[in-house]
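First comes the structure, then the notes that go with it.
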Amino acid sequence: DGTVNARLQKFIRSRGFPSTISVTVAPKGSYRSQDVIQFLSTHLDEWREGRDWRILLADDASAHRTENAKHLAWSRGYILIIHGGGTTPVAQTCDTDLNQHVRKAYGMLETQLLMEKMRCGEAVPKISSEESLLLMYETLSNPQLHHRASEGYKKTGQSIDLFGKEDALVCREAGEFWNEQTTDGYPNMRARIDAELAAVADE
């Protein structure tokens, strides 16, 4: 509720940022439960009759695991699923297939801006919060970033064909887990899924 937040909220409105872009500030570098609630309130589509239910994946942060977050997601037609602790680098698509590309693209834009400021006479140039927002907006406006990230749901095994047609798409660390024996004794995840599918068919 401080002056920086008010300034940045005014900035994104004045620049006509789309509703898909929001900004949050906090006393520390990590976000809080109220930040998560605000984000979900802003960005989750409202529930309406006839719309499919959706899955909302989140990493194992305390701000994601609150009852308020679960209830808000549910009220909008989203089922909140928390990745187990330590699995984020293996199964969270934002980490496996998006963030590193965002960092690289943003870093290049920021470096270009800093070099331009130095050419214009700033001895120790800095990036303002507003400039950072503009650079991040430009970075995230690249549809290829999001297309590549969406392919990550196949690579981590989260959206593959249930009956085995896409098992070969599961790769990297997720592929190793996919193909090794499960903790409950199945030779691999395909055998486990087939057993679950048979149980569903019986029911």
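For segment 3-30, filtered to residues that are of a type in the set (A, V, I, L, M) and outside any helix (DSSP H, G or I), the residue that is surrounded by the fewest Cβ atoms within 10 Å (Cβ to Cβ) is 26. A search for C-beta distances below 7 Å between a residue of segment 67-94 that is farther than 22 Å from residue 38 by Cα and at pLDDT below 95 and any residue that is hydrophobic (A, V, I, L, M, F, W, C) and open to solvent by 20 Å² or more (accessible area, probe 1.4 Å), counting only pairs 6+ apart in sequence or on different chains, returns 90/177. Could we say that residue 75 is of a type in the set (S, T, N, Q), over 30 Å from residue 14 (Cα atoms) and open to solvent by 50 Å² or more (accessible area, probe 1.4 Å) here? Spelling it out, residue 75 is indeed of a type in the set (S, T, N, Q), over 30 Å from residue 14 (Cα atoms) and open to solvent by 50 Å² or more (accessible area, probe 1.4 Å).
Among the residues of segment 94-124, the ones that are hydroxyl-bearing (Ser, Thr, Tyr) and either in contact with a Pro (Cβ under 9 Å, 6 or more places away or on another chain) or open to solvent by 50 Å² or more (accessible area, probe 1.4 Å) (or both) come to 2 in all.
Summed over segment 125-139, the residues that are closer than 19 Å to residue 22 by Cα, without any contact (Cβ under 8 Å) to a residue 60 or more places away in the chain and either open to solvent by 60 Å² or more (accessible area, probe 1.4 Å) or of a type outside the set (A, V, I, L, M) (or both) give a count of 6. Answer with yes or no whether residue 54 is farther than 25 Å from residue 159 by Cβ and either basic (Lys, Arg) or in contact (Cβ under 8 Å) with a residue 24 or more places away in the chain (or both). Answer is no for this residue.
Taken together, 33, 62 contain a single residue that is surrounded by 14 or more Cβ atoms within 10 Å (Cβ to Cβ) and in contact with a helix residue (DSSP H, G or I) (Cβ under 8 Å, 6 or more places away or on another chain), which is 33. Screening segment 141-193 for residues that are of a type in the set (Phe, Trp, Tyr) and touching a helix residue (DSSP H, G or I) at 6+ places or on another chain (Cβ under 6 Å) and picking the one that is surrounded by the most Cβ atoms within 10 Å (Cβ to Cβ) gives 178.
A single member of 54, 7, 15 is among the basic types (Lys, Arg) and within 23 Å of residue 79 (Cβ to Cβ), and it is 54.
The values are calculated or read from the model by the stated rules, or taken from the named source; none is laboratory data. This is a predicted model, so every value here is computed, not measured. Cβ: placed from backbone, ideal geometry, glycine included. Neighbour counts: every protein chain shown. Note: accessible area is taken over every heavy atom of the protein model, side chains too, but ligands, DNA and RNA are not part of it. Shrake-Rupley method; radii C 1.70, N 1.55, O 1.52, S 1.80 Å.
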